[in-house]
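All remarks here apply to the structure that follows.
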Amino acid sequence: MYQVRLKETGKDPVWIVPPKLSIGSANDNDIILKKDGIKQHHADLVLKDHLIYLLPDKSANDVLINGKKISQSHPLKQADIIQLCNTELEILEPKSNDLTHDFIQDSISDKWYIEIISGAQVGQRYPLKKSNTIGRSPDCGIQFIEDNISRKHARLDIIGGAVKITDMGSANGCLVNDTKITSAYARPGDILKIGQTELSIGGPFLDADKTVISAPSSKPILNETPKSNPSHKAKSNTFIRREQILESKQALHDLNNNSDNKNTKPLIWISATLLVLAVLTSILLVSF
């Protein structure tokens, strides 16, 4: 089996299990790249017949393998370097000794388990060994007493960073994430349904199966209206206020000089009112 590792991080490699490992910026990918230029679903690593292929998205035009640009499915081998925009990933194929060691470690009961999430026994947890048989028969390693479950319903084998689920010819079948299967790989967090019982797969890679690479943090630029310089604001309002008062005073002075006119009295009141309004307006401008 193959692994993929992001060269620029110190995170552990991720197992590539059938049918594929998705890469992109969206949160539903297996490897999440939060970087400029990365599309929501940028590319897939597809494992088929023990061979691995890189399948770029149709809209992705910046996918390279060992420096060569590709636009369609391309086979991969150990030590190949995949480049998506400015992000590099390396393909690994662990040695058989290392792989066997991983299998043994993954089979430890406190790492892999299935847990009932529906029915009367919700919360019941069953540790998994390297190979496990589920069914009604007492010969099964994990026994469920339910009419809709066959005597030997399914087999669960731990392989690398996944659990291979195989239907053993059951009458009602097996569903993984609501999809009927005869054989499929499941990861921690996936849901297996046999009969009327739903089981959650739990394992050591529950938090590590998704690798998130974020772009360097930068302070967001907010579209705020620039704040005015307080000293400029005070100067501007003071100038407006002074001009308004001077104009009102001049009008009042002109009216006083013509006080013998019979119509000057109403005009004097109007001018005084304007003066008061000018003062109030200047106060409001200063407050804002």
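Evaluating residue 40 against the criteria (1) modelled with pLDDT of 85 or more; (2) open to solvent by 80 Å² or more (accessible area, probe 1.4 Å); (3) within 15 Å of residue 92 (Cβ to Cβ) leaves one unmet condition, (3). Taking each residue of segment 165-182 that is free of Cβ contacts under 8 Å to residues at least 40 places away in the same chain and hydrophobic (A, V, I, L, M, F, W, C) and looking for partners that are open to solvent by 70 Å² or more (accessible area, probe 1.4 Å) and part of a loop (DSSP other than H, G, I, E, B) with beta-carbon atoms closer than 7 Å, six or more apart or interchain, yields 168/152. When residue 14 is tested against (1) surrounded by 19 or more Cβ atoms within 10 Å (Cβ to Cβ); (2) touching a Phe, Trp or Tyr at 6+ places or on another chain (Cβ under 7 Å), just one condition goes unmet, and that condition is (2). Within segment 190-208, being under 15 Å from residue 159 (Cβ atoms) and either open to solvent by 30 Å² or more (accessible area, probe 1.4 Å) or modelled with pLDDT of 90 or more (or both) holds for 190, 201, 204, 205.
Among 77, 69, 35, 7, which is of a type outside the set (Val, Ile, Thr) and within 18 Å of the chain's Cα centre (by Cα)? Give the derivation first.
On the way: 77 fails: within 18 Å of the chain's Cα centre (by Cα); 69 fails: within 18 Å of the chain's Cα centre (by Cα); 7 fails: within 18 Å of the chain's Cα centre (by Cα).
Exactly one of 77, 69, 35, 7 is of a type outside the set (Val, Ile, Thr) and within 18 Å of the chain's Cα centre (by Cα), namely 35.
For residue 164, the requirement of being among the charged types (D, E, K, R), touching an Asp or Glu at 6+ places or on another chain (Cβ under 7 Å) and over 13 Å from residue 197 (Cα atoms) is met.
For segment 1-54, a tally of residues being among the hydroxyl-bearing types (Ser, Thr, Tyr), in a loop (DSSP other than H, G, I, E, B) and in contact (Cβ under 8 Å) with a residue 60 or more places away in the chain returns 1. The set of residues in segment 144-155 being at pLDDT 95 or above and either open to solvent by 40 Å² or more (accessible area, probe 1.4 Å) or assigned to a strand (DSSP E or B) (or both) consists of 151, 152, 154, 155.
The values are calculated or read from the model by the stated rules, or taken from the named source; none is laboratory data. Computed from a prediction, not measured in an experiment: that's the story for all the values here. Because the Cβ atoms are built from the backbone with ideal geometry, glycine has one as well, and the counts that use them run over all protein chains shown. Accessible surface is based on the protein model in full, side chains and every heavy atom, while ligands, DNA and RNA are left aside. Shrake-Rupley method; radii C 1.70, N 1.55, O 1.52, S 1.80 Å.
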